[in-house]
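The block underneath contains the structure these notes are about, expressed in structure tokens.
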Amino acid sequence: AQSVTQLGSHVSVSEGALVLLRCNYSSSVPPYLFWYVQYPNQGLQLLLKYTSAATLVKGINGFEAEFKKSETSFHLTKPSAHMSDAAEYFCAVSDEDGSEKLVFGKGTKLTVNP
Amino acid sequence: EAQVTQNPRYLITVTGKKLTVTCSQNMNHEYMSWYRQDPGLGLRQIYYSMNVEVTDKGDVPEGYKVSRKEKRNFPLILESPSPNQTSLYFCASSGISSGANVLTFGAGSRLTVL
């Protein structure tokens with residue numbers, strides 16, 4: 001079965017610094033990969049998704065992620081953190097090729113310091 | 001506005017008192033699912049439904065029931081709640097209109113079982 005591992009349950013950066021949130025996946029088929037963000041007291045919303053069209057995926061709010069098959073990774077980055085980026089971020093993989101069921105990582109809470 | 005609506009948003013109940021958390025979507029989505037979110041465990045799927053009258057167990061179905069009698073509604077039923085079901089619950093849906101695997105989440109229902 002597919003799975004994802006998010007390295008680091010908490011990440012803290014200064015405003016203006018690079019944001020790097022790590023995600024490694026395990027999949028027996030070409031994966032569909034996702035990043036979701038959860039702002040305080042809200043549901044999750046899609047940041048970006050990878051569906052094999054391009055290895056570098058651009059999402060909302062300046063975030064992007066790069067699919068690296070050789071490293072089985074799908075790390076999320078943003079060049080310059082903003083205070084409003086403080087949230088919890090979840091990496092997810094489709095359970096099967098094209099399946100609606102997503103398997104989520106345990107999440108990484110991002111803190112942005114002024 | 002396209003959305004997934006959950007009710008109630010907050011609920012405190014006692015052990016053994018049956019309760020239902022409603023979920024409704026207005027996007028004509030085929031797929032609906034329930035997740036629970038617990039600190040350090042991320043999101044775990046409880047049940048899902050591929051369409052009307054089609055439901056299946058997720059990863060943590062024990063103690064829960066669901067039904068899908070109408071396409072728009074997918075209630076989560078706790079027949080005899082126990083304290084270990086204290087959690088934050090999310091309903092999500094997806095379908096052709098949102099793109100494959102792109103889940104739209106409700107705002108969450110925080111349940112406390114005493």
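Being of a type in the set (A, V, I, L, M) and modelled with pLDDT of 95 or more is the requirement here; does B:Leu43 meet it? It is false that B:Leu43 is of a type in the set (A, V, I, L, M) and modelled with pLDDT of 95 or more. Give just the number: which of (1) basic (Lys, Arg); (2) surrounded by fewer than 16 Cβ atoms within 10 Å (Cβ to Cβ); (3) closer than 22 Å to B:Glu1 by Cα does B:Lys65 not satisfy? Among (1) basic (Lys, Arg); (2) surrounded by fewer than 16 Cβ atoms within 10 Å (Cβ to Cβ); (3) closer than 22 Å to B:Glu1 by Cα, the lone unmet condition for B:Lys65 is (3). Scanning region A:74-85 for residues that are open to solvent by 20 Å² or more (accessible area, probe 1.4 Å) and among the hydrophobic types (A, V, I, L, M, F, W, C) yields one hit, A:Met83.
The set of residues from region A:1-15 being farther than 25 Å from A:Ser28 by Cα, in a loop (DSSP other than H, G, I, E, B) and open to solvent by less than 80 Å² (accessible area, probe 1.4 Å) comprises just one member, A:Ser9.
Can you find a residue in region A:43-56 that is out of contact with any Lys or Arg (no Cβ under 6 Å at 6 or more places or on another chain), open to solvent by 80 Å² or more (accessible area, probe 1.4 Å) and touching a residue at least 24 places away in the same chain (Cβ under 8 Å)? There is no residue in region A:43-56 that is out of contact with any Lys or Arg (no Cβ under 6 Å at 6 or more places or on another chain), open to solvent by 80 Å² or more (accessible area, probe 1.4 Å) and touching a residue at least 24 places away in the same chain (Cβ under 8 Å). For region B:2-18, what are the residues that are more than 14 Å from chain A (Cβ to nearest Cβ) and on the phi < 0 side of the Ramachandran plot? Listed by number, the residues that qualify are B:Pro8, B:Leu11, B:Ile12, B:Thr13, B:Val14, B:Thr15, B:Lys17, B:Lys18. Between A:Val93, A:Val103, A:Val112, the distinction of being surrounded by fewer than 22 Cβ atoms within 10 Å (Cβ to Cβ), of a type in the set (A, V, I, L, M) and either in a strand (DSSP E or B) or more than 14 Å from chain B (Cβ to nearest Cβ) (or both) belongs to A:Val112 only. Checked against the criterion of being within 13 Å of chain B (Cβ to nearest Cβ), open to solvent by 10 Å² or more (accessible area, probe 1.4 Å) and under 17 Å from A:Leu7 (Cβ atoms), the candidates A:Glu66, A:Glu71, A:Glu88 yield just one match: A:Glu88. Exactly one residue out of A:Leu21, A:Leu33 is surrounded by 14 or more Cβ atoms within 10 Å (Cβ to Cβ) and either within 12 Å of another protein chain (Cβ to nearest Cβ) or touching a helix residue (DSSP H, G or I) at 6+ places or on another chain (Cβ under 7 Å) (or both): that is A:Leu33.
Taking region B:19-114 as the region of interest, the strands (runs of 3 or more DSSP E) fully inside it that hold 3 or more residues being more than 14 Å from chain A (Cβ to nearest Cβ) and more than 18 Å from A:Lys101 (Cα to Cα) are B:19-25, B:109-113.
The values are calculated or read from the model by the stated rules, or taken from the named source; none is laboratory data. Not measured: the values here are computed from a predicted model. Here Cβ is always computed from backbone atoms with ideal geometry, including for glycine, and neighbour counts include all displayed protein chains. Please note that ligands, DNA and RNA were not included when accessible areas were found on the heavy atoms of the full protein model with its side chains. Shrake-Rupley method; radii C 1.70, N 1.55, O 1.52, S 1.80 Å.
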